[in-house]
Amino acid sequence: MLAQVKGRKYTQGKWLDFEDILAQEIELVIHLKGKTKKLLASPFDLESLVLGHVKLEFLDSEEFPFIVKKEGFDYFIEVEKKKTLVSKEFAFKLEPELLLNLSKEFREKESKWNLTGCFHRMAFWSPEKQGFILEVEDIGRHNCVDRLVGLALTQGIDLGQGVFFGSARITFSLLQKLVKAGFKVLVSKSAVTTASVKLAREKRITLVGFAREERFTVFSDELQRIVYA
């Protein structure tokens, strides 16, 4: 998943020969209903990425993917129908200090970013379990969401019953994907955009940005899942 690559660095007026640690990126192929889809991703834990991507991009709420065959980086998918339970409303109230503590815990977790500066990170915190029960990394933001969804599918986790934490900025396209995944409370250490705020308010999603250094900004929280008193 990481590789040492030779390079020449120019620093302080001098050239240096050195080896840097880089993130590996591979192409995988999804085979579904006679069609193929290629993805670029970090080469680890690919099953969750594949399942989550297929679920979010190709299937409806009552269709669920499973891997029937794997050949190298080629994944062959079939689909089955299942009845789904409607996600309950998020009933947990987030105290500001708890949100700050969770954000700090998320930021301080060990990450491949520390070695490469190349990875996004996302995690799911469960009020019921009082802990982060899903954690993923990938070079791509959207891949991280796919990975979370794939893990949730295989473990039977309702992503509407917890809090999403992410390192990436929340753009419109990423928010669309997070909403489709079922998340209701989103916390990012990075920025949000005007389009993502507009969509979050329309969908009644709690959207928090700039969650770092003992602060955060709430941009959408119509249902008041965060405690303000």
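The values are calculated or read from the model by the stated rules, or taken from the named source; none is laboratory data. These numbers come from a predicted model, not from an experiment. Backbone-built Cβ (ideal geometry, glycine too); neighbour counts: all protein chains shown.
For this structure, a couple of remarks:
- Residue match in segment 156-166 (condition: small (Gly, Ala, Ser), buried (at least 16 other Cβ atoms within 10 Å of the Cβ) and touching a Cys at 6+ places or on another chain (Cβ under 9 Å)): yes
- Long-range neighbours under 6 Å by Cβ, at least six apart or interchain, first residue of a type in the set (Ser, Thr, Tyr) within segment 67-92, second at pLDDT below 95: THR84/SER61; THR84/GLU62
- Single residue of ALA195, ALA229 found to be exposed (fewer than 15 other Cβ atoms within 10 Å of the Cβ) and assigned to a loop (DSSP other than H, G, I, E, B): ALA229
- Leading residue by the ranking (farthest from the chain's Cα centre (by Cα)) among those in segment 174-192 that are among the charged types (D, E, K, R) and assigned to a helix (DSSP H, G or I): LYS180
- Taking the numbered list (1) over 27 Å from PRO127 (Cβ atoms); (2) touching a residue at least 60 places away in the same chain (Cβ under 8 Å) in turn, GLU19 passes all entries but (2).
- Inter-residue pairs, beta-carbon under 6 Å, first charged (D, E, K, R) and in segment 155-172, second at pLDDT below 95, 6+ apart: ASP158/SER87
- For segment 155-168, the set of residues classified as of a type in the set (Val, Ile, Thr) and assigned to a loop (DSSP other than H, G, I, E, B) consists of ILE157 only.
- Scan segment 138-148 for residues that are within 8 Å of the chain's Cα centre (by Cα) and crowded, with 24+ Cβ neighbours inside 10 Å and the total you get is 5.
- The number of residues in segment 95-119 being at pLDDT 95 or above and either in contact with a Leu (Cβ under 8 Å, 6 or more places away or on another chain) or closer than 21 Å to LEU174 by Cβ (or both) comes to 4.
- Residue in segment 131-154 that is in a loop (DSSP other than H, G, I, E, B) and over 26 Å from ALA3 (Cα atoms) present: no
- Selection count where residues are surrounded by 15 or more Cβ atoms within 10 Å (Cβ to Cβ), touching a helix residue (DSSP H, G or I) at 6+ places or on another chain (Cβ under 9 Å), of a type outside the set (Gly, Ala, Ser) and assigned to a strand (DSSP E or B), scope segment 16-50: 6
- TRP125 fulfils the conditions (1) in contact (Cβ under 8 Å) with a residue 40 or more places away in the chain; (2) assigned to a strand (DSSP E or B); (3) in contact with a Ser or Thr (Cβ under 7 Å, 6 or more places away or on another chain) except for a single criterion, (3).
- Meets criteria (more than 25 Å from ILE139 (Cβ to Cβ), of a type in the set (Asp, Glu) and either without any contact (Cβ under 8 Å) to a residue 40 or more places away in the chain or surrounded by 12 or more Cβ atoms within 10 Å (Cβ to Cβ) (or both)) for GLU105: no
- Output for segment 59-92, where each listed residue is at pLDDT 95 or above, exposed (fewer than 12 other Cβ atoms within 10 Å of the Cβ) and either assigned to a loop (DSSP other than H, G, I, E, B) or in contact with a Cys (Cβ under 9 Å, 6 or more places away or on another chain) (or both): GLY72
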